[in-house]
Protein chains: 2
Amino acid sequence: MCPARAGARRGDVATEDQLSAAPNRRPGRRPGNPDTRDAVLAAARAAFAERGFDGATIRGIAADAGVDPALVHHYFGSKDQLFLAAIEAPANPADLLPEVLAAGRDELGAAVVRLLLKVWDGPMRPAGLALVRSAVGNEWTAKLLREFLVTQVLRRVVATLEIPAAEREARGALVASQLIGIVMARYVLRVEPLASASPQWLVAAIGPNVQRYLTGDLELP
Amino acid sequence: MCPARAGARRGDVATEDQLSAAPNRRPGRRPGNPDTRDAVLAAARAAFAERGFDGATIRGIAADAGVDPALVHHYFGSKDQLFLAAIEAPANPADLLPEVLAAGRDELGAAVVRLLLKVWDGPMRPAGLALVRSAVGNEWTAKLLREFLVTQVLRRVVATLEIPAAEREARGALVASQLIGIVMARYVLRVEPLASASPQWLVAAIGPNVQRYLTGDLELP
């Protein structure tokens, strides 16, 4: 059964009156009617998993949830923000990546590893682990985590390199393989000495490998 | 509750008579009384998870299972073989690794990636995925998978390099981070183009990174 349709109630399309009566979004406060919100999030998860981030649209998600697209924008903001809410992302890469992208081209690999460790060594780790656990056990969540990594993280990192799209995709996927591997080895399997090594050591040991994936000589697949 | 003790029946210590009456081990045939076998495997899983591969002993596992150590040897062979049976390993690295280790020192990184892809692109993938899924959801299985990777795979690979033990451990753990990352990106999350790339391309793209972890300049943590 499609979870989006399970959560949708087609008779409950929001009117412009309801929309203007919706509370303003404030930080730390979840806006709107919880049932409508949940219906939109369920529809969003289904759409992003089935059609990918690029293929899903706010208009389609709103239709699946039985609400007006303007209400979805009003509750969640952009498609990026709706996606992050749908997968319960522990952090918004758009807030964190600028410090990575400010690094010079030759420092990008080290900067990516440093950011990964900062996020995972901090309070976001439990939510991150929950997401990885869910993705490994469930094909649907695996697709969502892949879309998150590719569209929210890697695409932004490789966009700073002036290279063709196909090459960006291949380099981004290789970087993904090393980053997911750090998460698995350090935080899930706890392989020593990676599990207790300092971030500084890990950045020095792994940064150059990520750098090669970003800017080193590579043929396209 | 400790699974080892749950499976153990202390009144059921095997006698030498029972031992000599046990059927000979034949390939493809599971030897011995299924209940005794299961008790030994449960005791082995508990011991390897709690004390690690190096800390666990056949004698201790036999005592936990309430059987004679000779019976454990008779049923399972060596500690390595008991461990592989306990975690239901889809392959025995001791059978597969010689072709990797025959590669020259400068080809070791590519050879390791090539073997990983050969195993995971073949019929062992479902069992491998089951092991990874279980390890991610369960701390106990995570410890067992870590022990498998470190003691059965990485230790054998880095043993071919003439370097001090601490350095071998660090290099092996870094290699683990990249290998687990390939499994996650290609087979679990199915990140493109990694998911559909040829093994040849993956070996050329990733082999040099694994090689750097094995023989490149690295400080110790």
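Structure data summary
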quantity	calculated
Residue list for the stretch A:61-102, restricted to those being surrounded by fewer than 21 Cβ atoms within 10 Å (Cβ to Cβ) and either basic (Lys, Arg) or in a loop (DSSP other than H, G, I, E, B) (or both)	A:66, A:68, A:77, A:78, A:79, A:88, A:89, A:90, A:91, A:92, A:102
Residue list for the stretch B:180-192, restricted to those being at the interface with another protein chain (Cβ under 7 Å from one of its Cβ atoms) and either buried (at least 19 other Cβ atoms within 10 Å of the Cβ) or of a type in the set (A, V, I, L, M) (or both)	B:180, B:181, B:182, B:184, B:185, B:188, B:189, B:191
Check on residue A:105, among the basic types (Lys, Arg) and out of contact with any Lys or Arg (no Cβ under 9 Å at 6 or more places or on another chain)	yes
Qualifying residue in the stretch A:22-41 (condition: modelled with pLDDT of 90 or more and in contact with a Pro (Cβ under 7 Å, 6 or more places away or on another chain))	no
Selection count where residues are in contact with a Pro (Cβ under 9 Å, 6 or more places away or on another chain) and assigned to a helix (DSSP H, G or I), scope the stretch B:160-195	4
Filtered residues of the stretch A:117-159 (kept if outside any helix (DSSP H, G or I) and touching a residue at least 24 places away in the same chain (Cβ under 8 Å))	A:121, A:124
Lone unmet requirement of (1) of a type in the set (Gly, Ala, Ser); (2) within 12 Å of chain A (Cβ to nearest Cβ); (3) over 16 Å from the mean Cα position of the chain (by Cα) for residue B:111	(2)
Residue match in the stretch A:156-167 (condition: facing chain B (nearest Cβ under 7 Å), over 17 Å from residue A:136 (Cβ atoms) and of a type outside the set (D, E, K, R))	no
Criterion: modelled with pLDDT under 90 and surrounded by fewer than 18 Cβ atoms within 10 Å (Cβ to Cβ) - qualifying residue of B:140, B:201	B:140
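The values are calculated or read from the model by the stated rules, or taken from the named source; none is laboratory data. Nothing here was measured: the structure is a model prediction, and the numbers come from that model. Cβ: placed from backbone, ideal geometry, glycine included. Neighbour counts: every protein chain shown.
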